[in-house]
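Taking it in order: structure first as structure tokens, then the write-up.
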Amino acid sequence: MHLAKRMVRQKTASGEEIWLNALSGTVDRLSRAEVTQVERFLEGRPVDSTLIGKLKSRGYLFDTAGAEQASFRRLVAAFGASPPAAVTNLVICPTYSCNLSCVYCFERRSHPHPPRERMDITAVNQVFDAFARIRRLRTSRNYVLGLFGGEPLLMSTRFVVSRILARAGNESLPVVIVTNGVNAAGYLPLLEEHKPGIQGLQVTLDGPEEVHNRRRPDAAGRGTFGAVAAAVDILLEKNMRVMLRVNIDLGNVGQLPRLAEVISGRGWAGHPSFSCGLAPVTDRLASGEIPDVPAEADLLSALLDVYDQCHRCEELFGLKGLQALGPLRSLLGEAAGSRPKIFHCEANYGGFWVAGPEGLLYACPEAIGQPDLAIGRYAPVFEAGACDALVRSADHAMRTAKRAGRNRLQVFSKKMPAKAHNPAEHKIFKGGGLSTIRSLAAALDAKDSYTASHSQAVQGLAAHIAREMRVGRSRIEALEIAALLHDIGKVAVPDAILNKPGPLDQTEWAIMREHPRLGVMILREARQLSTVLPIVFHHHERYDGSGYPEGRGGKAIPALARILCVADSFMAMVSTRPYRKAMRPEHAWEEVKTKSGIHFDPDVVAALGRVLPPRPPGGKQTDKGARFSTRPR
């Protein structure tokens, strides 16, 4: 019998134990006698079968460790099959600069000297291009564009914000603006111009005037209550939706009744375009420098005490903003069979794509400005790492690499046992920092058995061509590594597309064409591979400019990428794939010559002709295709 690993046991002062099962969600209290019986049972001694049966039914005991793992896999499968978040927020931060100096600002602590840069029109266009690609790949989602910061509505960002609103309108993206409200009135003409596409503005007041001014002064230390309240008045007068946010901690939760009086006194509460809610202040960086930040349970207790005395506060503010209640609310308030929110953070559900002014993408607005938390970038090229297939493949590869040993590349085939492959003992592969990349290479080979032999064959042929063209030794080493890893981005391509027996449709082809970009995104994590990146990125460009990902042509394509292109294409032609049979080498050579100057660099094609081995008389072509040794002939 096996005691579940995914459980927590907590002893009480009376000697009892509280058992919490993270797999089944059950919580039970066991007496000291019952705990003793369980221990005796696990030792193989006879005990009360009723207790054991109950603990098995509630997921604390399994017949074997494998049975627990199988149960875990069923739960994961059910979780993954349930629908994702209904809305995805595409968020743009035009700048990290802000015109306030809030006492609890987490952004000021995460980057205490905010970058002065702000987006320009080029960056805005790049962001929208990246968001368009995300929307094409995830067409089932509903999308909302958010403006965030820093403070997005600064006078210095007005032109950029104008461009953002115009692009959002052209692409039918509804917009929500998160602003402190200080400059909202000055933005009114622009907001009215784009009013049909603006879902609303989130504005913050932290209490009555003296409380708000103490907590949210401007950069010069002056109060901002008057400007924010006036902006709310004007926006509601124009029938623009206002969502009032109140950041609460122990320093101001007791002032909510007075704020409720302000809201009612100014006539906001009855306006159809007005709503408000709470947001607990948290020390997101665990700095210990933010005052009055309690555990959320303590804050909830204090809030409920206020609600007991002020029912109007409960009607106005509610409990929706409290993160600790998110999992419970998701189970109680959503349709049966929907995915429960095990964590509040929307980053766990692909709920956010956030673009910062420095060109990076984040999975959560609270991660902005911290490059080590970025999940990709939108400039100068779009590279995004939030891919379920990549995560699954990487997880598989890490387990494989641990079994096979460290500091070496593992190339796998589904049909053969794993064996070590060391690409010419390149110096670049001897650093311990490349373990993840080696593991991802193993994941790709395990995912697509064709790739294991194809990559090695391309490596050998590319090196032959390069030597024939008198390329220097260090550049040949870079080319060999690029050849081995050129298809690494395919770990993010679904198996159904990689192994489809027929031609790809337009959507599938668009996904497949992303693999050079994804490959660069993976490989750039190792600085030792900087010389490899251009080769991998451009190996599907064509000499006439008809290739991808950038449509470069002629000598604008890196020279080593032009060599890899020819070697990769030739080896693909002479290999059997799910959608076609292998070509004979002589037929593949004729095909390459036909495309010389069109798809392929003529100089590289000529070099290929000089290194191709002569076909032996009566030789037969195998399904494995031509093979080239690492020795020149």
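The values are calculated or read from the model by the stated rules, or taken from the named source; none is laboratory data. Note that this is a predicted model, so its numbers are computed, not measured. Cβ sites come from the backbone with ideal geometry, for glycine too, and all protein chains shown count toward neighbours. All accessible areas refer to the heavy atoms of the entire protein, side chains included, with ligands and DNA or RNA removed. Shrake-Rupley method; radii C 1.70, N 1.55, O 1.52, S 1.80 Å.
With Cα atoms defining each centre, the stretch 459-515 and the stretch 1-63 are spaced 53 Å apart in the structure. The residues of the stretch 131-216 present an accessible area of 39 Å² per residue when probed at 1.4 Å with all protein chains retained. Computed over protein heavy atoms with a 1.4 angstrom probe, the accessible surface ordering of 143, 378, largest first, is 143, 378. In the stretch 176-290, the portion of solvent-accessible area held by carbon and sulfur atoms comes to 48 percent [1.4 Å probe, whole percent, DNA, RNA and ligands not counted].
Of interest is the spacing of the C-alpha centroids, which for the stretch 222-264 and the stretch 519-553 amounts to 51 Å. Computed 3J(HN,Hα) for the stretch 466-480, one whole-Hz value per residue from the Karplus formula 6.51 cos²θ - 1.76 cosθ + 1.60 where θ = phi - 60°, is 4, 5, 4, 8, 6, 6, x, 4, 5, 6, 5, 4, 4, 5, 4, glycine and proline marked x. Residues whose amide H lies under 5 Å from that of residue 360, counting only those 5 or more places away or on a different chain, are 378; hydrogens are built 1.01 Å from N in the peptide plane. Put simply, when 498-508, 531-541 are sorted by average Cβ atoms within 10 angstrom per residue, most first, you get 531-541, 498-508.
For the stretch 21-35, putting each phi into the Karplus relation 6.51 cos²θ - 1.76 cosθ + 1.60 with θ = phi - 60° gives couplings of 9, 6, 7, 9, x, 8, 10, 9, 10, 10, 6, 4, 5, 5, 4 Hz, in residue order, rounded to whole numbers and with x for Gly and Pro.
For the stretch 554-612, the fraction of 1.4 Å probe accessible surface lying on carbon and sulfur atoms is 57 percent.
Close amide H pairs (under 5 Å, H built 1.01 Å from N) link residue 600 with 543, residues at least 5 positions away or on another chain. Working ranking of peptides 46-56, 351-361, 244-254, 298-308 by packing, defined as the average number of other Cβ atoms within 10 Å per residue, highest first, is 351-361, 244-254, 298-308, 46-56.
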